[in-house]
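Nothing in this text is a laboratory measurement; each read-out follows from the coordinates by a stated rule. Predicted model, so just to flag it, every value in this text is computed and none were measured. Every residue, glycine among them, receives a Cβ derived from its backbone with ideal geometry; neighbour counts consider all protein chains shown.
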Amino acid sequence: MSTAHASPTNSVRWWGLALIALAQFMVIMDASIIGVALPHLQVDLGFTQANLSWVFNAYVIALGGMLLLGGRLSDLFGPRRMFATGWVILGIGSLVAGFAGNVGVELTGRVLQGVGSALIAPAALTLLMMLFGSNPKELTKAMAFYGAAAPAGGTAGVFLGGVITEFISWQWVFFINVPIAIIALIATGPLMPGGTMGARGSVDAFGALTVTLGLAAVVFGIVRAEVAGWASGETWIAIGIGVALLIFFFVSQKVKKEPLMQLSIFRSPNLASANVAQLLLGAAWIPMWFFLNLYLQQVLGFTAFPAGAALLPMTVLIMIGMIALAPRIIAAVGPKMPIVLGLLALAVGLGWMSFIRPDGNYWVDAFGPSLLVAFGQVLAFIPSLQTAISAAPPEAGGLASGIVNTSYQVGSALGLAVVTAVAASYGASQLGNPSALTDGFSAAFITAGIIALVGALLALITFHTRPRVAESIPAESTSAG
């Protein structure tokens, strides 16, 4: 691909990197910042305990389903234009979510936030490559800074969510995006390079809509099963429609001339295994984070600020570990064993966390296992992410990046749906009953631990220690940003 664009001065490029890192920070923060605020949204907007997960799911389904389309639009219309468009949509979605007075409007705002983030994320990575791709040494530094923004966003989201909810209002966990989006829009013109990456062709908007609706239908069916019952037609019709749409998406990608996802990329050694690891990592990690938030507030009685502060050690460990520890481990032993051991540590930590008590306390019931699961996340996340991108041939790096980001978000949504259904069946929907809630949350941690254990076993079996040389795929198919 060509990279026709103006060359910014050296100082401007590093300011541009700061803006790109801010974008990555915000995409991750918007998933985590709502965690501590969830009980307040539940009371004010009328969410049921089972449907509360949709505040998270609406965002990640829209983000995961639209990422590949976002990358394609970035290639066709220019990453700077899509970067700016994404900030506009994110800002509008944040206003809608903050001003929402009922469940439907709230979820609409979250979907808009997800769509905006799906335009921002692939465009940001493309802009980074345009700014620093010609200098390998600078590119390494830029990628490290960009990579650190993700755990920083997760950490800030948890803590800021507690501060904002406790001392201002839950609405501001959304409103905070608006001034940031305005600043980003003002800075985009002078800091971001213009031009496109040279792509030509059509946009498979129907494919993006199909995979997004398919994922939403499957999640809806699983979440609704607690209310309608697993034997009900409503449950299986929704799941059946979702599965049919997802199958149709993959079939259409096989036959389309310019698909969103070139399926031949999965012939690259370890790429499929790394994506499965990311999918199952998201499916185990996000339910842990979701239900630990609820346990702290609904059972132990923490208010928003102490709940956010209680999760801070875990998220700080992740941020430091991913920056300082994970690269050294990968360099020393390669990616396979850290992925296996990380998922195994996550499974053991979740099993430990399942021993929570209705009359427990944070230091005995949550602190130790939260650090162990955080360590597991540190070991598994960076190696599987790096493998998923580096296993592809060079001309398919953008597509590989889009696929692995989609895998993690899809795993997050499906995992949370499954674990929510299991937790509800064991009592997690019985607000005001600490014993029943604890039983439900304990079942949630056990289920998430089983998912992580399956991930560890699959990684042990399927990862090649010495992967073969990746096969090449047509350059024109690498359109996912």
So what's the angle, to the nearest 10 degrees on a 0 to 90 scale, between helix 205-228 and the longest Cα principal axis of the chain? 10
Note: probe point = Cα of Asp359 + 7 Å toward Cβ; backbone nitrogen < 20 Å; residues of segment 297-311 passing the test are 297-302
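Could you give the size of the charge dipole of segment 1-203 about its Cα centre, using +1 on the Cβ of each K and R and -1 on the Cβ of each D and E, expressed in debye and rounded to the nearest 20? If you can, show how the numbers build up before the last one.
Details: 8 positive and 6 negative charges, 135 e Å.
Roughly 640 debye, rounded to the nearest 20.
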By how many degrees, between 0 and 90 and to the nearest 10, does the Cα long axis of helix 368-390 differ from the longest principal axis of the chain? 20
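Charges only on Cβ, +1 for Lys and Arg, -1 for Asp and Glu: so what's the dipole of the chain about the Cα centre, in debye to the nearest 20? Show your work: numbers first, answer last.
Details: 18 positive and 16 negative charges, 243 e Å.
Around 1160 debye, computed over the chain.
Run lengths n ≥ 4 of DSSP H only: what is the helix-derived mean residue ellipticity at 222 nm for the chain, with -39500 (n - 2.57) per run over all residues, to the nearest 500? List each step's numbers first, then the result.
On the way: 18 runs with 351 residues, N = 481.
Here the helix-only value at 222 nm equals -25000 deg cm²/dmol.
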Can you give me the distance in nm between label points at Thr462 and Asn102, each placed 7 Å from the Cα along the Cα-to-Cβ direction? 4.3
In debye to the nearest 20, the charge dipole size for segment 263-481, taken about the Cα centre with +1 at each Lys and Arg Cβ and -1 at each Asp and Glu Cβ, equals 400
Taking the chain as the reference, fit the longest principal axis to its C-alpha atoms, fit the long axis of helix 271-294 to the helix C-alpha atoms, and give the angle between the two in degrees, 0 to 90, nearest 10. 40
Of Ile182, Phe266, Gly449, farthest towards positive along the dipole that unit charges on Lys, Arg, Asp, Glu beta carbons give the chain: Phe266
Once R0 is set to 41 Å, what does the formula 1/(1 + (r/R0)^6) return for the Cβ-Cβ distance between Leu263 and Ile183, expressed as a FRET efficiency to the nearest 0.05? 0.55
Quote the relative contact order of the chain in percent (integer), defining contacts as alpha-carbon pairs under 8 Å separated by 6+ residues. 23
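Quick check: from the Cα gyration tensor, does segment 205-255 come out rounded (a/c under 1.5), prolate or oblate? Could you put the intermediate results ahead of the total?
Details: a/c = 4.30, a/b = 2.54, b/c = 1.69.
Cα axes put segment 205-255 in the prolate bin.
Remind me, relative contact order of segment 338-429 in percent, using alpha carbon pairs under 8 angstrom and six or more residues apart? Display every interim value, and only then the final one.
Values: 62 pairs, mean separation 25.9, N = 92.
This gives 28 percent for segment 338-429.
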Prolate/oblate/rounded call for segment 349-436, Cα gyration tensor, a/c under 1.5 rounded: oblate
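Set the Förster distance to 35 Å, then compute FRET efficiency between Ala244 and Val316 from the Cβ-Cβ distance, nearest 0.05.
Working: r = 44 Å, r/R0 = 1.25.
For R0 = 35 Å, the calculated efficiency reads 0.20.
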Inter-label distance, nm, simple model (7 Å from Cα along the C-beta direction), Asn135/Lys256: 3.8
What lysines sit close enough to Lys141 to cross-link, taking a C-alpha to C-alpha distance under 26 Å and skipping anything fewer than 8 places away on the same chain? Lys336
